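Participant: The structure under discussion is supplied below as structure tokens; questions concerning it will follow.
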Amino acid sequence: MLKGGIIGFGAVGQNLTNVIRQYFDDVDIVAVCNRSAAKLDIAREQFGIMQLTHDPEELCSWDVDFVMVLSSNYAHRQHVEIAARHGKHIFCEKPIATSIEDADAMIRAVEKAGVVNSVNYSLRFIPAYIKLRELYRSGMLGDLLSISCLRLRGYGLYASGVRHRAVVNPQESGGWVVHHACHAIDFIYWTAGEYETVYARTESTAPEGPELVWGIGKLKEGGTGIVTDSVCAAREHYATIIGTKATAIMHGEGQTQIVVTKETSEHDARVQETYEVEDYKYNQESLAHFFECIREGKQSRSTIRDARHSLAVACCMMESAATGRPVDIPPVQA
């Protein structure tokens, strides 16, 4: 039996506990740390968890095999460093931190400790995005010209009276670009490689920070990466890869399709292939990967070091939007 502890028992922590108990007979959450007493009451009364604390050091001193860092984004560095110091394997929610400096410190901590560390970038485990990546990586689309990912959250703008916590509390979240656009950024990076330079613009109805970002960047391996992300009331997922041989388009949510249109020498000719795919979030798949890594003593394919690039791109997009200039992505300092 693998025993885990959670630091940060909000909606994500409660949801992942339910997922673990539903899908994994040999894993359980036995300890919870949270700064709010109310969340500890929920852990006790609704989940039957009796090892409870406000102190992350205390949780990491208990008999747990892994720690899930699901706290506010700004606190991830501190909690990952504590867990690593205690030799616990670490599952960290995205984004890994709110600054590149913190990310580099986290890389040093987990690699010094030699613990398994995995980041919950859920698009890497959704069949639609996996299939789109496979189509590109197979060479079927040819050389990359452009890859784009649009994600509209479907929550609502500040001006409408709907106030997303990540927008109104950027000190904790890092702001909407760092908090949520990192999903689209990570998909592009995972699929087509690292960004070299980015340029971005943001808009917002909120005084605290952006609610909408457009980011465009040069990719090191060639081609252009484009991100559009917003907290607005519309909900949509849309991704496109334009290659020299074909274009692949995926949109919608739920049971959807990827349509591949091949280039031909005849004007207006259309040669298409259609793939039925699912665009659902599969938290059990990312968790299964993490638990497998622990049992087999291997490192995750979605480490904190790997996730550092997506955070760096998001931070550089914010800098670009503020300065109006393109920004180069800095290398890892770890």
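The values are calculated or read from the model by the stated rules, or taken from the named source; none is laboratory data. Source: prediction; values computed, not measured. Every residue, glycine among them, receives a Cβ derived from its backbone with ideal geometry; neighbour counts consider all protein chains shown.
Participant: Quick one: in region 122-166, which of the residues that are assigned to a helix (DSSP H, G or I) and touching an Asp or Glu at 6+ places or on another chain (Cβ under 6 Å) is nearest to HIS309 (Cα to Cα)?
Facilitator: PHE125
Participant: Looking only at residues that are within 21 Å of ARG325 (Cβ to Cβ) and polar (S, T, N, Q) in region 172-204, which one is surrounded by the fewest Cβ atoms within 10 Å (Cβ to Cβ)?
Facilitator: The qualifying residue surrounded by the fewest Cβ atoms within 10 Å (Cβ to Cβ) is THR197.
Participant: Further question: I'd like the residue in region 231-258 that is part of a strand (DSSP E or B) and small (Gly, Ala, Ser) and, out of all such residues, is nearest to the chain's Cα centre (by Cα).
Facilitator: Checked region 231-258; the qualifying residue nearest to the chain's Cα centre (by Cα) is ALA239.
Participant: Can you pull out the residues in region 34-70 that are assigned to a loop (DSSP other than H, G, I, E, B) and touching a strand residue (DSSP E or B) at 6+ places or on another chain (Cβ under 9 Å)? Spell out the reasoning first.
Facilitator: Of the residues in region 34-70, the ones assigned to a loop (DSSP other than H, G, I, E, B) are 34-36, 48-50, 54-55, 62-65, 70.
Hits for region 34-70 are ASN34, ILE49, MET50, HIS54, ASP55, TRP62, ASP63, VAL64, ASP65, LEU70.
Participant: Based on this model, can you work out whether VAL119 counts as in a strand (DSSP E or B), under 18 Å from the mean Cα position of the chain (by Cα), at pLDDT 95 or above and surrounded by 19 or more Cβ atoms within 10 Å (Cβ to Cβ)?
Facilitator: Criteria met by VAL119.
Participant: Quick check on this structure: which one of VAL271, VAL327 is more than 30 Å from GLY5 (Cβ to Cβ), buried (at least 21 other Cβ atoms within 10 Å of the Cβ) and in contact with a strand residue (DSSP E or B) (Cβ under 9 Å, 6 or more places away or on another chain)?
Facilitator: Checking each option against the conditions leaves just VAL327.
Participant: For TRP62, only one of the following conditions fails: (1) without any contact (Cβ under 8 Å) to a residue 40 or more places away in the chain; (2) within 15 Å of ASP28 (Cβ to Cβ); (3) of a type in the set (A, V, I, L, M, F, W, C). What is its number?
Facilitator: Every condition holds for TRP62 apart from (1).
Participant: Could you give me the residue pairs with C-beta distances under 9 Å whose first residue belongs to region 104-129 and is basic (Lys, Arg), whose second residue is in a loop (DSSP other than H, G, I, E, B) wherever it lies, and which are 6+ apart or on separate chains?
Facilitator: So the pair list comes out as ARG108/ALA334; ARG124/ARG301; ARG124/SER302.
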